[in-house]
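Undergrad: Got a structure for you, written out below as structure tokens; questions coming shortly.
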Amino acid sequence: MRRTLTLAAATAAAALLLPGGPLPVVATGTARATPSLWTAREAAAFWTPERMAAALPVPDPVPVPVPDGVPAPVPDTAADAPTTGAAASDGAATGTPAAAAPPPGAPTAKGPAADDRPTPAAPTPAAPAAAGPPAAAAGAAGTGTAPAQGVAAPPAPSAAPDSPAAPASPGTPVTPVASPTTPGDAAAAPVAPGAPAPPATPTVTPAPAGTPGPATDPLPSPTAPTRAPAGPVVAPATAGVGQDFDGVPAVGRMYVMKGAGAYFCTASVVSSPGRNLVLSAGHCLLGSDTRQVAFVPHYTRAKPRPYGLFPVLRDSAGRSKVWIDQRYKTQGAEKAATLDVAFAAVGPNAAGSKLENAVGGNRLLTGSTFTHAKVTLIGHPASAARPRVCVNRTTKFTSTDPKSPGSFLRIDCTGFPGGTSGGPFITRFDDRTRTGDVVGVIGGWKTGGPTADTSYSPYFGAEIRKLYQAAVAGAKGA
């Protein structure tokens with residue numbers, strides 16, 4: 001989401017807002033740190049509530065110059081494999097330049113569009129939402145990745161001692177099945193050369209035996225939690241109208257230091273065998289100067305860390321365990337906009353709880369469709385004390401800008417400015433588990449879109465599945 005922002009402005013804002021004075025100045029390119037010194041307790045000591053409140057949206061990466069006539073990257077080919085190793089912060093090892101703030105006046109995520117950017121097609125009239133936005137009750141049921149058949153309902157998660165409420169009780173077995181591709185979706189818009197084409201059958205991420213998953217219509221819902229939800233925080237609204245609400249446990253803020261500035265994006269928990277993966281946009285975690293990274297689920301200003309902090313793990317060299325497709329690093333956020341996705345592995349919170357056990361997680365759905373009749377969009381705006389939610393349909397958008405080619409999911413939802421980048425597109429949102437199937441993140445075209453009222457996502461196809469599998473393999477045993 002584009003806004004004008006510079007590292008100098010971030011430093012000045014932090015100096016004014018933080019009672020402890022300016023943030024520590026660290027030279028660009030010194031992202032490596034001692035691995036043993038970044039635990040949940042270290043993260044909590046660094047990311048104080050005051051510092052979290054003063055953090056600004058992650059600035060857009062500096063555009064990578066691409067000569068005219070260079071063909072666009074072609075995703076979804078066996079020859080083009082995503083990065084299978086280390087982190088988004090391994091630019092020094094790979095030769096990727098360090099991410100830096102744009103010059104004064106340059107656009108950053110989710111704001112006014114530059115004059116040379118194409119105007120998106122007129123939005124398709126929104127169909128009324130079948131149900132209102134998610135209820136934000138006090139607790140969270142743990143959910144996980146599920147295979148297509150034979151999966152049990154969610155068991156009770158083990159939340160941290162400072163969790164706001166008791167978790168859900170186990171439910172009865174259900175059999176989630178991925179939704180079929182919408183007929184005629186391939187003809188919804190012309191596909192640009194190099195744009196990913198959805199396969200015929202969507203794929204839900206596999207999970208180890210016994211890993212729970214959310215129920216999906218028309219199958220029976222899981223047993224209601226032992227403590228009933230207090231009711232919706234916001235009343236059902238017209239489709240496409242965003243509202244502030246109290247959030248859900250599996251979505252929160254990802255905090256990161258870049259240069260001398262404290263920044264954040266939105267991120268969400270995605271189910272995995274290790275129960276420790278977070279999903280966000282690639283541009284949120286890009287750069288060799290990215291460090292001190294931590295995920296804070298269910299963040300609000302009133303209750304900034306109800307489940308504690310989950311530090312992004314570091315490898316033996318001190319680099320954050322973040323997976324971003326290598327082409328996104330080398331070709332840049334414009335040319336490789338279809339690959340604007342990142343996964344990160346996190347350690348337990350201070351109570352020793354794994355992330356997914358504490359707050360639940362959404363299932364990753366790949367190979368589905370660009371058009372979904374009902375998507376729940378959640379994001380954390382920069383200046384808001386609470387997150388924002390919106391329910392609307394998605395449409396297919398194919399870019400006509402040769403500098404940023406590809407096809408993307410598009411959703412019209414009001415009031416998603418800077419800070420909401422990385423926020424999940426969730427289908428089949430279950431009000432009881434407060435999780436569903438994640439089919440996108442705010443990012444991709446123009447790092448999420450040039451305005452606050454229309455957001456975009458990369459298409460989750462074969463390349464995103466490969467990246468997820470690399471993250472699962474890299475996070476094993478963490």
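The values are calculated or read from the model by the stated rules, or taken from the named source; none is laboratory data. Please read these numbers as outputs of a predicted model, since none were measured by experiment. Please note: Cβ atoms are built from the backbone with ideal geometry, for glycine as well, and neighbour counts cover all protein chains shown. Side chains included, ligands, DNA and RNA excluded: accessible areas come from the protein's heavy atoms. Shrake-Rupley method; radii C 1.70, N 1.55, O 1.52, S 1.80 Å.
Undergrad: Could you tell me whether THR435 is open to solvent by less than 10 Å² (accessible area, probe 1.4 Å), farther than 14 Å from VAL251 by Cβ, in contact with a strand residue (DSSP E or B) (Cβ under 6 Å, 6 or more places away or on another chain) and at pLDDT 95 or above?
TA: Judged against the criteria, THR435 is not a match.
Undergrad: To continue, here is another question. Please work out if THR376 is in contact with a Phe, Trp or Tyr (Cβ under 8 Å, 6 or more places away or on another chain), among the β-branched types (Val, Ile, Thr) and either open to solvent by 10 Å² or more (accessible area, probe 1.4 Å) or touching a residue at least 12 places away in the same chain (Cβ under 8 Å) (or both).
TA: Working: in contact with a Phe, Trp or Tyr (Cβ under 8 Å, 6 or more places away or on another chain): yes; among the β-branched types (Val, Ile, Thr): yes; either open to solvent by 10 Å² or more (accessible area, probe 1.4 Å) or touching a residue at least 12 places away in the same chain (Cβ under 8 Å) (or both): yes.
Yes: the conditions hold for THR376.
Undergrad: Turning to a different aspect of this structure: Evaluate the range 461-475: report whether one residue or more is open to solvent by 10 Å² or more (accessible area, probe 1.4 Å), part of a strand (DSSP E or B) and not charged (D, E, K, R).
TA: No, the range 461-475 has no match at all.
Undergrad: Can you tell me which residues in the range 301-326 are among the hydroxyl-bearing types (Ser, Thr, Tyr) and touching a strand residue (DSSP E or B) at 6+ places or on another chain (Cβ under 7 Å)? Explain how you work it out, then say what you get.
TA: Our first condition is that a residue be among the hydroxyl-bearing types (Ser, Thr, Tyr); within the range 301-326, this holds for 307, 316, 320.
If the condition is that a residue be among the hydroxyl-bearing types (Ser, Thr, Tyr) and touching a strand residue (DSSP E or B) at 6+ places or on another chain (Cβ under 7 Å), then TYR307, SER320 are the ones that fit.
Undergrad: Being without any contact (Cβ under 8 Å) to a residue 60 or more places away in the chain and open to solvent by 10 Å² or more (accessible area, probe 1.4 Å): is that true of SER316 here?
TA: Working: without any contact (Cβ under 8 Å) to a residue 60 or more places away in the chain: no; open to solvent by 10 Å² or more (accessible area, probe 1.4 Å): yes.
Answer is no for this residue.
Undergrad: Let me ask something else about it. Give the range 268-298 a look and list any residue that's open to solvent by 10 Å² or more (accessible area, probe 1.4 Å) and over 21 Å from ALA337 (Cα atoms), or say none.
TA: Scanning the range 268-298 gives PRO273, GLY274, ARG275, ARG291, GLN292, HIS298.
Undergrad: Applying the selection to the range 419-453, what residues are over 19 Å from GLY282 (Cα atoms), assigned to a strand (DSSP E or B) and not aromatic (Phe, Trp, Tyr)?
TA: THR427, ARG428, ASP430, THR435, GLY436, ASP437
Undergrad: Has the range 423-437 got any residue that is closer than 22 Å to ALA342 by Cα and touching a helix residue (DSSP H, G or I) at 6+ places or on another chain (Cβ under 7 Å)?
TA: no
Undergrad: Let me ask you something else. Would you pick out the residues in the range 393-428 that are of a type in the set (Ser, Thr, Tyr) and closer than 17 Å to LYS335 by Cβ? If you could, list the steps in order and put the result at the bottom.
TA: Residues of the range 393-428 that are of a type in the set (Ser, Thr, Tyr), as a first pass: 394-395, 398-400, 404, 407, 414, 420-421, 427.
Matches in the range 393-428: THR398, SER399, THR400, SER404, SER407.
Undergrad: For the range 343-416, list the strands (runs of 3 or more DSSP E) that sit wholly inside it and hold at least 3 residues that are hydroxyl-bearing (Ser, Thr, Tyr); which are they? Break it down stepwise before answering.
TA: Values: elements: 363-366, 375-379, 388-392, 394-398, 407-412.
Once the strands (runs of 3 or more DSSP E) in the range 343-416 are filtered for at least 3 residues that are hydroxyl-bearing (Ser, Thr, Tyr), what remains is 394-398.
Undergrad: Just the residues that are part of a strand (DSSP E or B) and under 18 Å from LEU355 (Cα atoms), please, taken from the range 288-311.
TA: First pass over the range 288-311, keeping only residues part of a strand (DSSP E or B): 291-297, 310-311.
Once the filter is applied, which keeps residues that are part of a strand (DSSP E or B) and under 18 Å from LEU355 (Cα atoms), the range 288-311 yields GLN292, VAL293, ALA294, PHE295, VAL296, PRO297, PHE310, PRO311.
Undergrad: Within the range 299-312, how many residues are of a type in the set (Ser, Thr, Tyr) and surrounded by 24 or more Cβ atoms within 10 Å (Cβ to Cβ)? Spell out the reasoning first.
TA: If we filter the range 299-312 for residues that are of a type in the set (Ser, Thr, Tyr), which is where we start, we get 299-300, 307.
Of the ones still in play, those that are also surrounded by 24 or more Cβ atoms within 10 Å (Cβ to Cβ) are 299, 307.
The total comes to 2.
Undergrad: Moving on. Checking the condition at pLDDT 95 or above and out of contact with any Pro (no Cβ under 9 Å at 6 or more places or on another chain), which residue from ALA358, ALA344, ALA351, ALA452 passes? Explain how you work it out, then say what you get.
TA: Working: ALA358 fails: out of contact with any Pro (no Cβ under 9 Å at 6 or more places or on another chain); ALA351 fails: out of contact with any Pro (no Cβ under 9 Å at 6 or more places or on another chain); ALA452 fails: out of contact with any Pro (no Cβ under 9 Å at 6 or more places or on another chain).
So the residue among ALA358, ALA344, ALA351, ALA452 that is at pLDDT 95 or above and out of contact with any Pro (no Cβ under 9 Å at 6 or more places or on another chain) is ALA344.
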